[in-house]
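Colleague: Shown below is the structure under consideration.
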Amino acid sequence: MSKPVAIVTGAGSGIGLAIATHLHSLGYRTVIADMNAESGSAAAASLGPDATFIQTDVSNYRSQALMFKKAFEWGGNRLDFCHANAGIDDRQLLYEDLAEEAAVDEEGLVKPLNTKTMSVNLEAVIQGLWLFKYYVRRSEGPGRGKGKFVATSSSAGLYYMTTNPQYTASKYGVVGLTRAAGPVFAKEGITVNCICPAFIPTNLCPPEMLEVWPKEHITPLSTAVKAIDAFLNDDSMTGQVVELSQENIYFRQMVDWANESQKWIGTESLAIWDKAYAKVHEKKKGTN
Ligand SMILES: NC(=O)c1ccc[n+]([C@@H]2O[C@H](COP(=O)([O-])OP(=O)(O)OC[C@H]3O[C@@H](n4cnc5c(N)ncnc54)[C@H](O)[C@@H]3O)[C@@H](O)[C@H]2O)c1
């Protein structure tokens, strides 16, 4: 019987590497998908057989689509698991004030903010889910049509980081995507969940932070592994937003309904939305 196949993005380092290592130890053929060729290939080599590195820039759709195609073929036309984990902090600060010459273009228009963080942390996750669904539906493994998708959000997706407003927005987006798409995909056997880690010392954290950070506020990589195991061990778990802090995982619920009207809109009216949107979506189908 063929082995299950997993893709982990941003697996050259930190959380992604820990999850890829864990999946590999569980018997998954594991794809290390990372932009960094040096750390990515070293990570795949450290795992040994049944691991491969595919260089990918997830913020470039073509690059990510090519990686999924290669991974699917390498896995013997099979895909079972994807952890969309690659992430970066803010590349340009929203609060920044630039001198006139640097701030405006030749037409006198204010130059756009660099929103690379949104592309890597949110758009690439949505495209990753889009690609995952495509290949899972065509998978030739025994679990044909069944798969598990996990995304990495952050504590910043539940609270906020004033130093990184785009990072915060992107991570809230991942939480929203998980909650909206999780229950829908589950109907066909694809689960969608996300993790929201607190502070895990990795290459993402500025060295100045690592030097001064109190030990008692560190979350170990093993807590991320714990959450992944929870998703792996329960096929009905979907749409879950799991906060990771210290040694613990917390299943976080959506905010409370403000009143009965909001509750009705968010629950009972769903059948009306489904009916109305069925027509709208039918009209839009295939128009990209
Ligand atoms: N470390 C923490 O405290 C913490 C807390 C909350 C959330 N997170 C999230 O965890 C995820 C992993 O981060 P980490 O802490 O392990 O950091 P890390 O820097 O150790 O690892 C991130 C990896 O992603 C790769 N990457 C970056 N941009 C990429 C791109 N465009 N395409 C492909 N690969 C790319 C990097 O090369 C790197 O190997 C991120 O989404 C991050 O936002 C981290």
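Please treat every number below as a calculation from the coordinates, not as lab data. This structure is a prediction, so every number in the text was calculated from the model and none was measured. Here the Cβ is made from the backbone with ideal geometry for all residues, glycine too, and neighbour counts use every protein chain on show.
Colleague: If you add up the charges near C205, with Lys and Arg at +1 and Asp and Glu at -1, over every other residue whose beta carbon is less than 12 angstrom from its beta carbon, what do you get?
Modeller: -3
Colleague: For the chain, what does -39500 (n - 2.57) per DSSP helix run (n ≥ 4), summed and divided by total residues, give at 222 nm, in deg cm²/dmol to the nearest 500?
Modeller: Taken over the chain, the calculation gives -12500 deg cm²/dmol.
Colleague: Continuing with this model, one more query. Counting Lys and Arg as +1 and Asp and Glu as -1, what is the net charge of the other residues whose Cβ lies under 11 Å from the Cβ of C82?
Modeller: The answer is +1.
Colleague: Arranged by the count of other C-beta atoms within 10 angstrom, fewest first, what order do H83, H24, H281 take?
Modeller: H281, H24, H83
Colleague: Can you list the DSSP H helices in the chain whose Cα atoms extend at least 30 Å along the helix axis and whose mean Kyte-Doolittle hydropathy is -0.5 or higher?
Modeller: Span-like helices, by this rule, are 165-186.
Colleague: For K215, give me every one of the aspartates and glutamates with a C-alpha distance below 15 angstrom, ignoring sequence neighbours fewer than eight places off in its own chain.
Modeller: E247
Colleague: With Cβ to Cβ distances under 14 Å as the rule, what net charge do the other residues near Y28 carry (K, R +1; D, E -1)?
Modeller: Once positives and negatives cancel, what remains is +1.
Colleague: For V225, V241, V255, which order do you get if you count the other beta carbons within 10 Å of each Cβ and list the fewest first?
Modeller: V255, V225, V241
Colleague: With a/c under 1.5 counting as rounded, go ahead and sort the chain into rounded, prolate or oblate using the C-alpha gyration tensor (a ≥ b ≥ c being the square roots of the eigenvalues; past the cut-off, prolate if a/b is larger than b/c, else oblate).
Modeller: Since a/c stays below 1.5, the shape of the chain is classed as rounded.
Colleague: While we're looking at this one, here's another question. Placing +1 on the Cβ of each Lys and Arg and -1 on the Cβ of each Asp and Glu in the chain, which of G176, V212, L66 has its Cα farthest towards the positive end of the resulting dipole?
Modeller: L66
Colleague: While we're here: Counting only C-alpha contacts under 8 Å and six or more residues apart, can you give the relative contact order of the chain as a whole percent?
Modeller: For the chain, the relative contact order is 15 percent.
Colleague: Strictly over 27 Å apart at the Cα level, which of K133/K263; K111/K133; K70/K275; K3/K284; K187/K283; K133/K171 would you flag in this model?
Modeller: In this structure, K133/K263; K111/K133; K70/K275; K3/K284 exceed 27 Å between Cα atoms.
Colleague: With a 10 Å Cβ neighbour count serving as the proxy for reagent exposure, in which order, fewest first, do F132, F251 appear?
Modeller: F251, F132
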